[in-house]
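Trainee: I am attaching a structure below and will ask some questions about it afterwards.
The values are calculated or read from the model by the stated rules, or taken from the named source; none is laboratory data. Quantities reported herein were computed from a predicted structural model and do not represent experimental measurements. Note: ideal-geometry Cβ built from the backbone for every residue, glycine included; neighbour counts use all protein chains shown.
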Amino acid sequence: MKAHPVNRTMEKLFEEYRILEEPYYLAVQDEVALFASAYKTKLPVLLKGPTGCGKTRFIEYMTYRLGDERGEALPLITVACHEDLTGSDLVGRYLLKGGETVWIDGPLARAVKNGAICYLDEVVEARKDTVVLIHPLADHRRILPVEKTGQVIEAHENFLLVISYNPGYQSILKNLKHSTRQRFVAIDFQYPPREMEAKIIAHESGVSPAVADELAKLGEKVRNLRDQGLEEGVSTRLLIYAGRLITGGIEPRRACEAAVAQALTDETALVQGIRQVIYSIFP
């Protein structure tokens, strides 16, 4: 995937790219058609699903695809949300520049003005008073009030707001408020079926189809350990990491221990349980 960096300002709080080559993505259900329809009808989108199941790759793929259909690359602005993210981080702030005080747009304001797709990753990690700022953008108004300048920015016709979160991993204190989630069309993501996951692992890591199938089998079996106390199943991303280690010359057992067992948990009993699964697949 080739991506051209457009701009990185505001103390590197966000990344903006125009994706010039089609990212590799295999559709699991009807998510492509749903997202394309939401973009066409200007409906904000919520992507929900476990860590490493392909949400970020999906938004990159759809940004490329929609831009390709329009005949020009769309900008994608991604913000990794965290508990210290403020409204000024998103909208903008006054900064000293060359002895003068100038206004610098934040990533959300840039996206609204310039017609980018703005992706707020793990939005529930942001402060609740920050999340409220997106409400006027996520309904029929499609506006962004900027309190510090007194402006009200109307969204460019190409603008789309996309947020994501992992509902199975969040605590009650870090959940998405109903007043927020009911403004979005929701697309649910899960880990792909074994045959499809094997294709993804083979493509992304370079391992043979046979090894990719064994890694996908490992993912399937480890996810079943959630009933035994594992907080979250192994992601497709980690299985790809294991594949890359194997491609790099690491013995499969050791690669899976490093990328799966030790990466998932520090609990001795769970690590041992995952090892047993690894050894059953890679004897």
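Trainee: Could you tell me which numbered condition residue 270 fails, if it satisfies all but one of (1) at pLDDT 95 or above; (2) crowded, with 16+ Cβ neighbours inside 10 Å?
Mentor: Evaluating residue 270 over (1) at pLDDT 95 or above; (2) crowded, with 16+ Cβ neighbours inside 10 Å leaves (1) as the failure.
Trainee: Among the listed residues 201, 278, which satisfies the condition of being under 21 Å from the mean Cα position of the chain (by Cα), surrounded by 18 or more Cβ atoms within 10 Å (Cβ to Cβ), modelled with pLDDT of 95 or more and not small (Gly, Ala, Ser)?
Mentor: Just one listed residue meets the conditions, 201.
Trainee: Tell me which residues, restricted to segment 64-102, are loosely packed, with under 14 Cβ neighbours inside 10 Å and either β-branched (Val, Ile, Thr) or touching a Phe, Trp or Tyr at 6+ places or on another chain (Cβ under 7 Å) (or both).
Mentor: Hits for segment 64-102 are 94, 101, 102.
Trainee: Could you tell me which residue of segment 182-194 is surrounded by the fewest Cβ atoms within 10 Å (Cβ to Cβ), considering only residues that are within 23 Å of residue 257 (Cα to Cα) and in contact with an Asp or Glu (Cβ under 8 Å, 6 or more places away or on another chain)?
Mentor: Looking at the filtered set, the residue picked out is 194.
Trainee: Which residues, taken from segment 28-49, are part of a loop (DSSP other than H, G, I, E, B) and either over 17 Å from residue 163 (Cβ atoms) or in contact with a Gly (Cβ under 6 Å, 6 or more places away or on another chain) (or both)?
Mentor: 28, 29, 30, 41, listed by residue number.
Trainee: So which residues in segment 125-146 are surrounded by fewer than 19 Cβ atoms within 10 Å (Cβ to Cβ), modelled with pLDDT under 90 and assigned to a loop (DSSP other than H, G, I, E, B), if there are any at all?
Mentor: The one that is surrounded by fewer than 19 Cβ atoms within 10 Å (Cβ to Cβ), modelled with pLDDT under 90 and assigned to a loop (DSSP other than H, G, I, E, B): 127.
Trainee: Is one or more of the residues making up segment 3-18 modelled with pLDDT of 90 or more, hydroxyl-bearing (Ser, Thr, Tyr), outside any strand (DSSP E or B) and surrounded by fewer than 20 Cβ atoms within 10 Å (Cβ to Cβ)?
Mentor: For segment 3-18, residues modelled with pLDDT of 90 or more, hydroxyl-bearing (Ser, Thr, Tyr), outside any strand (DSSP E or B) and surrounded by fewer than 20 Cβ atoms within 10 Å (Cβ to Cβ): absent.
Trainee: Another question, if that's okay. Helices (runs of 4 or more DSSP H) wholly in segment 176-283 with at least 2 residues that are within 30 Å of residue 138 (Cβ to Cβ) and either assigned by TED's automatic domain parsing to the domain that holds residue 132 or of a type outside the set (A, V, I, L, M, F, W, C) (or both) - which ones?
Mentor: Filter on segment 176-283 gives 178-181, 236-247.
Trainee: If you check residue 265 against the conditions, is it within 23 Å of residue 167 (Cα to Cα) and in contact with a Cys (Cβ under 8 Å, 6 or more places away or on another chain)?
Mentor: no
Trainee: Of the residues that make up segment 147-155, is at least one in contact (Cβ under 8 Å) with a residue 60 or more places away in the chain, over 18 Å from the mean Cα position of the chain (by Cα) and closer than 19 Å to residue 24 by Cβ?
Mentor: Within segment 147-155, none of the residues are in contact (Cβ under 8 Å) with a residue 60 or more places away in the chain, over 18 Å from the mean Cα position of the chain (by Cα) and closer than 19 Å to residue 24 by Cβ.
Trainee: Moving on. Could we say that residue 142 is under 30 Å from residue 66 (Cα atoms), out of contact with any Phe, Trp or Tyr (no Cβ under 7 Å at 6 or more places or on another chain) and charged (D, E, K, R) here?
Mentor: Yes, satisfied.
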